[in-house]
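Read the structure below first, then the notes.
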Amino acid sequence: MKSLILSAIFTALSAPAFAVSVSITDFSKASYDAAVGSMSTAIIQDFEGTTEMMVADGYSTNVGSFSTLGGTGSGGTVNDPDDFFNDGTMLALRDGNVYGRTSTTSVLSGDSNDDMFLDSNDTLGIKWDVSLGGSMFDRLVLTLTDATDVGATMYIKVGDELLETISSYVNAAKKLVEIDFGMMVSSATIFFENNRRNDGFSIDDIAVSQVPLPASALLLLGGIGGLAGLRRRKG
Ligand SMILES: [Ca+2]
Ligand SMILES: [Ca+2]
Ligand SMILES: [Ca+2]
Ligand SMILES: [Ca+2]
């Protein structure tokens, strides 16, 4: 009886205490603005201002770092001449139109020069270690373009939890992906995982909803400040 109760407690403790949810809808400026406009502080990464190149695993940005899920891309994406060295072993920052992948930023800004995006580069996919450098967040939005139009199935996971399986999107389909963590977190790992190589996709226009410090943390900071003041007076 006692062990039964204990195992029930352990089960309760090991089960997620919160529910992560994902929603995938068609991207438009209106749908994007509605999703991001409801964030009190949105930390943005649109890859503008970068230049075309392959990026090594752990490519670091203001919203965390990006790595390939492995597999060497060998499709036209990799083999077509472009203005940077590309052997298909890494993710790539790219511009223009790559087999249906384009920046979604130009749709939002109206500026056709906003043409950069992060490309899976025909590898098995993208792993994103989300981080705002220690700040808490509870929700995020990004655009996903040209996924699963040439036969791949994509699994979208947060940690080891499979949230969504997608397949058979049309060429160049632009989707708005919203992930709600259901609680404040300071880090999360998101996988866009293809079951095969050479069905490239891109992500762009990331917005992570930064959560303001809760009142208790502000009180704590106030306490620390108060202590420092006391020390100064003593000294
Ligand atoms: Ca190019
Ligand atoms: Ca395509
Ligand atoms: Ca962009
Ligand atoms: Ca594709």
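The values are calculated or read from the model by the stated rules, or taken from the named source; none is laboratory data. As the structure is a prediction and not an experimental result, all values here were calculated from the model. All Cβ positions, even for glycine, are placed from backbone atoms using ideal geometry, and neighbour counts span all protein chains on display.
Points to keep in mind about this one:
- The lone criterion from (1) away from ligand 1 (no atom under 16 Å from the Cβ); (2) not in a strand (DSSP E or B) left unmet by ASP129 is number (2).
- The requirement of being more than 16 Å from ligand 2 (Cβ to nearest atom) and over 24 Å from GLU193 (Cβ atoms) is fulfilled somewhere in segment 65-81, by at least one residue.
- Test: THR148 is of a type outside the set (A, V, I, L, M), outside any strand (DSSP E or B), out of contact with any Gly (no Cβ under 6 Å at 6 or more places or on another chain) and crowded, with 17+ Cβ neighbours inside 10 Å: yes
- Of everything in segment 161-181 that is away from ligand 3 (no atom under 16 Å from the Cβ) and touching a Lys or Arg at 6+ places or on another chain (Cβ under 9 Å), the residue that is nearest to ASP95 (Cα to Cα) is TYR169.
- Single residue of segment 80-98 satisfying the filter (in contact with a helix residue (DSSP H, G or I) (Cβ under 8 Å, 6 or more places away or on another chain) and surrounded by 20 or more Cβ atoms within 10 Å (Cβ to Cβ)) that is nearest to MET54 (Cα to Cα): ASN86
- Contact map, segment 135-151: first residue at positive phi, second residue part of a strand (DSSP E or B) and within 15 Å of ligand 2 (Cβ to nearest atom), Cβ cut-off under 7 Å, separation 6 or more or different chains; pairs are ASP146/ARG101; ASP146/SER202; THR148/MET154; THR148/ILE166; THR148/SER167.
- Among the residues of segment 126-160, those that are among the acidic types (Asp, Glu) and either modelled with pLDDT of 95 or more or farther than 14 Å from ILE190 by Cα (or both) comprise ASP129, ASP138, ASP146, ASP149.
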